[in-house]
Amino acid sequence: MANYNVTLIPGDGIGPEVAEATRAVLDATGVGFNWEVRDAGMTAQEKYGDVLPEETLASIRKNTVGLKGPITTPIGAGFRSVNVGLRQSLGLYANLRPGKSIEGVQTRFEDIDLVIVRENMEGMYSGIEFDTGTPDAAEVIGAINARSKKPVATDAAISIKVITPEGSRRIVEFAFEYARANGRKKVTIVHKANIMKFSDGLFLRIAQEVAARYPDIEHNDRIVDNMCMQLMQKPDEYDLLVMPNLYGDIVSDLVAGMVGGLGVAPSGNIGKDVAVFEPIHGSAPSHAGKNEANPAAMILSGALMLRHLGEQAAAERVERAVADVIRTGDRVTYDLRADRDPAKAAGTTEMTKSIIERL
Ligand code: NAD
């Protein structure tokens, strides 16, 4: 019996292979899914003349949950980013990036168990930019120079950082709610309010106001550069970290690197009404169609989706099965092997079968 309708976007490159693997694992949990397969990216461009067709967005809105494979972004003008389009169209303001060590994955760090919550829609990625030498840039610079004691060079390029009270409040509330629901003990607010006193200052102030409403969860704050050093030196002192967009982009990749990188890093993009889960890796075109892509990151994204749906037990089974297969090490894809030898490695389907056997 299907308990959940989910929009499945296989994507392109290795996307369809890792999406198929994930569908098979999630079906094997017995939770019960009805998959609505929809296109985005190049496959959608070919069929509908649009990389992000309204039909795909409508399906996610209706089902409220999506699972997405990676999508190739062709280099060149005129091709809008599907990921940015999804985020903006669906209001996916929270980017959830857990980083948990898996025994058997080669890394420099052990026993890492962190969660990064990144603001996904504003900050330095507001998309408001003025190119050097343009009349718009000249006008903006003129307006700034009329008000600011520090003049801006007339040939500067300008990117606007936007931090709003509402954007800050909802991301920090998301972080504390997630902490509460998932047994996390401490939230660290990450910022650079010592330098950007108004924008990051606002984020910090709002974050502290929100934190005061969650007395059951410990909180502190760190300046982002110091945070990076502390993650290298004493990561065990941290639990869940919440931060504006640009810092979250960088720190979440730092933490992904600490636990083994692209092949094992899941993510969720979550809004008020809908959520889309996806691996952080790209479409790895050179491995496409060869049955050699590592499906773990997308399967773990499926486990994050299970948690979002409240299916904690099934999520734990999936995470444990993936960890077991990686720890055992004999049926894993090339990238999880020390010798990275595709000839000795398991294929995508073989590794998936092994995960399903252990569920
Ligand atoms: P990539 O993540 O596709 O590949 C980086 C490296 O990691 C490559 O060596 C690749 O072969 C390897 N790799 C990645 N995932 C793997 C997996 N599951 N199993 C085995 N090996 C894996 O990054 P890239 O090469 O910079 O980008 C390729 C395309 O993907 C670009 O068009 C980029 O825009 C797009 N991209 C999409 C997303 C997304 O849809 N969310 C994310 C990142 C990149």
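The values are calculated or read from the model by the stated rules, or taken from the named source; none is laboratory data. What you are looking at is a predicted structure, and each value in this text was computed from that prediction instead of being measured. Counting neighbours? That spans all protein chains shown, and the Cβs are built from the backbone with ideal geometry, glycine included.
Some notes on this structure:
- Options 267, 252: the member that is closer than 27 Å to residue 169 by Cα, buried (at least 21 other Cβ atoms within 10 Å of the Cβ) and touching a Ser or Thr at 6+ places or on another chain (Cβ under 7 Å): 267
- For beta carbons closer than 9 Å, sequence separation of 6+ or different chains, a first residue in region 94-110 that is basic (Lys, Arg) and a second that is crowded, with 23+ Cβ neighbours inside 10 Å and in a loop (DSSP other than H, G, I, E, B), the qualifying pairs are 97/265.
- Within region 53-72, being within 19 Å of the chain's Cα centre (by Cα) and without any contact (Cβ under 8 Å) to a residue 40 or more places away in the chain holds for one residue alone: 57.
- Among the residues making up region 17-42, those that are out of contact with any helix residue (DSSP H, G or I) (no Cβ under 8 Å at 6 or more places or on another chain) and surrounded by fewer than 17 Cβ atoms within 10 Å (Cβ to Cβ) are 27, 32, 34, 37.
- Among the numbered conditions (1) more than 21 Å from the chain's Cα centre (by Cα); (2) farther than 19 Å from residue 298 by Cα, the only one that residue 104 does not meet is (2).
- Enumerated strands (runs of 3 or more DSSP E) restricted to region 1-119, each holding at least 1 residues that are within 18 Å of residue 275 (Cβ to Cβ), at pLDDT 95 or above and among the aromatic types (Phe, Trp, Tyr): 4-9, 33-37
- Condition check for residue 11: closer than 20 Å to residue 349 by Cα and within 12 Å of the ligand (Cβ to nearest atom): yes
- Test for residue 273: is it of a type in the set (Asp, Glu), more than 16 Å from the ligand (Cβ to nearest atom) and farther than 30 Å from residue 21 by Cα: no
- The set of residues from region 211-260 being acidic (Asp, Glu), farther than 16 Å from residue 190 by Cβ and out of contact with any helix residue (DSSP H, G or I) (no Cβ under 8 Å at 6 or more places or on another chain) comprises just one member, 236.
- The single condition among (1) away from the ligand (no atom under 12 Å from the Cβ); (2) within 20 Å of the chain's Cα centre (by Cα); (3) farther than 18 Å from residue 125 by Cβ that residue 97 does not satisfy is (3).
- Within region 257-284, the set of residues being part of a helix (DSSP H, G or I), within 20 Å of residue 15 (Cα to Cα) and modelled with pLDDT of 95 or more comprises 264 only.
- Here residue 5 meets each of (1) of a type outside the set (A, V, I, L, M, F, W, C); (2) buried (at least 22 other Cβ atoms within 10 Å of the Cβ); (3) within 19 Å of residue 302 (Cβ to Cβ) with one exception, condition (2).
- Once region 178-204 is narrowed to residues that are surrounded by 13 or more Cβ atoms within 10 Å (Cβ to Cβ) and without any contact (Cβ under 8 Å) to a residue 24 or more places away in the chain, the residue that is farthest from the chain's Cα centre (by Cα) is 201.
- Residue match in region 235-250 (condition: closer than 25 Å to residue 72 by Cβ and within 13 Å of the ligand (Cβ to nearest atom)): yes
- Qualifying residue in region 43-66 (condition: of a type in the set (Lys, Arg) and either within 16 Å of the ligand (Cβ to nearest atom) or surrounded by 19 or more Cβ atoms within 10 Å (Cβ to Cβ) (or both)): no
- Total residues in region 330-347, condition outside any helix (DSSP H, G or I), within 13 Å of residue 294 (Cα to Cα) and in contact (Cβ under 8 Å) with a residue 12 or more places away in the chain: 7
- Looking at 293, 297, just one residue is within 13 Å of the ligand (Cβ to nearest atom), crowded, with 21+ Cβ neighbours inside 10 Å, of a type in the set (A, V, I, L, M, F, W, C) and farther than 16 Å from residue 95 by Cα, and that residue is 293.
- Within region 130-174, the residues that satisfy the criterion of being modelled with pLDDT of 95 or more, in a loop (DSSP other than H, G, I, E, B) and under 18 Å from residue 201 (Cβ atoms) are 160, 161, 163, 164.
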